[in-house]
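Notes follow once the structure below has been shown.
The values are calculated or read from the model by the stated rules, or taken from the named source; none is laboratory data. In this text the structure is predicted, and so the values were computed from the model without any measurement. Neighbour counts are summed over all protein chains in view; Cβ atoms, including those assigned to glycine, are modelled from backbone coordinates with ideal geometry.
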Amino acid sequence: MARRPPGQVRAERPRRPCPERGRKIVSGVSARTQSEIDAFEDAQLWPGAIAEAMARWSGTVHGPARGLTEPHTRGCGVESCCPNDSHPRGLLEQALYGLPTRAARELRRRVHPLDASYCSRTIVDPHADPSWPWWLRRC
C-alpha cells in the first residue's frame, strides 16, 4: 500500500481557528512592541486599529497635496461613541500616550518621519482653534 506524503496529510487536517491570524501588524516594530500594541488595541480600540491608522496617516502624508487638509471622517462622528476616530493621527496619538514607554518610543520612531513630512508640506493655519490638536491646525 502506498504511503501519502506528510505534506498532504498535514494539508488535509482541519485547521484550528487562531485569533491572531489575520490581525494587521505595524511594519518596522519589534515583536514585543507589536504584542503591546495588540494588548492596547484589545483594551481600548479594535484589532488592527494602530496598523490601519499608520497606513492611513502614511497615505495622507505621501498622497496628493489636496488630501493633506481634507477632513478624515470615519465612524459616526460622535466623540463619546467614536473618540479620536475622525483622524488617523488622533488614534496614533492615543496609542503613543497609552502604550508602555518602550513600545511608545518605538512607535514614535515610526510616526515622527511622517509628522515631519506632514509639517514640511503644510503651514500653520492662523485661524484655527488653538484647542485643536496640532495636525488639525495646519493647512
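For the reader, a short list of remarks on this structure follows.
- Lone qualifier among P130, P100, P113 - being modelled with pLDDT under 90 and either out of contact with any helix residue (DSSP H, G or I) (no Cβ under 9 Å at 6 or more places or on another chain) or within 21 Å of S27 (Cβ to Cβ) (or both): P130
- Within segment 49-83, the residues that satisfy the criterion of being surrounded by fewer than 20 Cβ atoms within 10 Å (Cβ to Cβ) and either at pLDDT 90 or above or of a type in the set (S, T, N, Q) (or both) are A51, E52, A55, R56, S58, T69, T73, S80.
- Residues of segment 24-43 classified as over 13 Å from the mean Cα position of the chain (by Cα) and surrounded by fewer than 18 Cβ atoms within 10 Å (Cβ to Cβ), total: 7
- Of all residues in segment 91-139, those that are among the charged types (D, E, K, R) and touching a Cys at 6+ places or on another chain (Cβ under 9 Å) total 2.
- Residues in segment 95-139 that are among the small types (G, A, S), without any contact (Cβ under 8 Å) to a residue 24 or more places away in the chain and either surrounded by 12 or more Cβ atoms within 10 Å (Cβ to Cβ) or under 21 Å from H62 (Cβ atoms) (or both): A104, A116, S120, A128.
- Residue-level check: of (1) at pLDDT below 85; (2) of a type outside the set (S, T, N, Q); (3) touching a Gly at 6+ places or on another chain (Cβ under 9 Å), P17 misses just (3).
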